[in-house]
1. How many residues are of a type in the set (Val, Ile, Thr) and surrounded by fewer than 17 Cβ atoms within 10 Å (Cβ to Cβ) when one looks only at the range 129-142?
2. Can you list residue pairs whose Cβ atoms sit under 8 Å apart, with the first residue in the range 164-191 being more than 22 Å from GLN122 (Cα to Cα) and the second being open to solvent by 80 Å² or more (accessible area, probe 1.4 Å)? Count only pairs 6 or more apart in sequence or on different chains.
3. Picking from ARG248, ARG267, ARG301, which residue would you name as being open to solvent by 30 Å² or more (accessible area, probe 1.4 Å) and either more than 18 Å from ILE380 (Cβ to Cβ) or modelled with pLDDT of 95 or more (or both)?
4. Name, by its number, the condition in (1) among the β-branched types (Val, Ile, Thr); (2) over 30 Å from ASN260 (Cβ atoms); (3) touching a helix residue (DSSP H, G or I) at 6+ places or on another chain (Cβ under 7 Å); (4) in contact (Cβ under 8 Å) with a residue 60 or more places away in the chain that does not hold for VAL214.
5. Hey, can you tell me all the residues within the range 59-89 that are over 28 Å from ARG371 (Cβ atoms), in a helix (DSSP H, G or I) and open to solvent by 50 Å² or more (accessible area, probe 1.4 Å)?
6. Under 8 Å between Cβ atoms, at least 6 apart or on separate chains: pull out the pairs that start in the range 379-396 with a residue that is touching a residue at least 12 places away in the same chain (Cβ under 8 Å) and closer than 18 Å to GLY332 by Cβ and end on any residue that is acidic (Asp, Glu) and open to solvent by 30 Å² or more (accessible area, probe 1.4 Å).
7. Which one of GLY344, GLY377 is modelled with pLDDT of 95 or more and not β-branched (Val, Ile, Thr)?
8. Out of everything in the range 143-161 that is in a loop (DSSP other than H, G, I, E, B), open to solvent by less than 20 Å² (accessible area, probe 1.4 Å) and not hydroxyl-bearing (Ser, Thr, Tyr), what residue ends up being modelled with the highest pLDDT?
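The values are calculated or read from the model by the stated rules, or taken from the named source; none is laboratory data. What you see is a predicted model, and the numbers here were worked out from it, not measured in a lab. When we count neighbours, we look across all protein chains shown, and the Cβ atoms used for this are built from the backbone with ideal geometry, even at glycine. Ligands, DNA and RNA are stripped out before the accessible areas are found, and what is left, the full protein with its side chains, is counted by its heavy atoms. Shrake-Rupley method; radii C 1.70, N 1.55, O 1.52, S 1.80 Å.
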Amino acid sequence: MNYQAKLRSQFTRLSSRLLTYGALATLVATSVVTVGLTSTVKAALEDSPKIVIDEVWQIVNNEFVGRNFDQAAWQRKRQELLSRDYSSQGEAYKAIRQALRDLGDPYTRFLDPKEFEELTSQTTGELSGIGVRLTLDEKTNALTVVDPVDNSPAKAAGIQAGDRILQIDGQSTALMSVEQASELIRGEQGTDITLQLNRPGRGLFEVTLTRAQVEVPVLHSSLKQEGEVKVGYLKLDEFSSHAAEQMRKAIDRLEGEGVNAFVLDLRGNPGGLLFSSVDIARMWMETGTIVRTVDRKGGDRAYSANRTAITNLPLVVLVDGYSASASEILAGALKDNGRAVIVGSRTFGKGTVQSVHSLSDRSGLAVTISRYYPPSGVNISQNGITPDVPLDLTGDQVRLLRSNPSFWGTSRDPQYRQAISVLQSNVGRKPVLPPSLLPAPLSSRQDGKPAID
């Protein structure tokens, strides 16, 4: 298996864990489904697992974009699904998942109520908890606070970076993973949780906090002095509903601190909301097409910059094989319009958009509704975006960065070093790519619109 194939395999596993079906390119966070059922049929299905099956079937029938979608076969599938008897919602969920697998689209996915709740938290950028980022200490394996989130119960209670959480509501964290601890810490808004902590210089102490709705920071920014260049480093983890707002504040703050250039790090970013990527692109681009989407009926919609850019300073974007979907929309727009230089590894190559629907029993469905194309019109599915300055990391370099997250965006990070080299040659002027790297104008394409593959 080659390097890119390994990345693709690893990303598939990662995206499954992160509920990719929402973390990738979603058109909306949630939309309540209205199914086309007659009152007679609806009454017959009321309080039956079949109601959710038919809701899923209706959404797919009305919206799904698939390479070889056979609507006649899908009609037969409905009859088959509704002819069975289901003793539980679990049996119905199993049948739904199998029917969706038969569509051959990994991004059209069913989510049970728990998964759907997690997805909603992810795309909205909010969760009910206390607002702490956690890690396992490399040396002691202790559950440790990375930092408390601003305006959170943890911040208000005085929890600090470096505090070790020993117990959560009386349960020892000694053998817990970060995921297991996070599951215990999250809970219904307004409920209480008690933590036992240990802090150097203070020793053991307990705090009781009340869970609240917390905005999750998806952007981490800092000012770095690189030789004579002041660089604003922006690491975006995903495109949540709050990502654009956080990006705008960070750019404004860094420009106020006198930056000369920016590095936007999209490595490891699996995507998120389509509109979030468009809004962020408009912060960097004054004019130009950002992305085009095409649905199964040939409906073609273009999203463009609208002369609302808030900076024209030199920009380098870092990408890798885990940069997907909304990350590729943003990187492709900035590259094809000559607004930024792209550095790193070829991106993942996911060229579809999903819409996410809530169902009647609080489960959900993400369904592929369109394909998207960067300004160049190139189909990136399975191909990804090739950086202007390709630089793959070696296996040892990847392991070093993963085991030492603080090395990202530093001199220990080869791709970041390359980004700084590019910027140092561009400070004082807007970076413009060589003519050979600029895309042909959209109007020059002979067919007028990209084909749906």
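1. Selection size over the range 129-142: 2.
2. Note: pairs meeting the criteria are LEU166/LEU204.
3. ARG248
4. (3)
5. Matches in the range 59-89: GLN79, GLU80, SER83, GLN89.
6. ASN379/ASP453; SER381/ASP453
7. Just one listed residue meets the conditions, GLY344.
8. My answer is ILE159.
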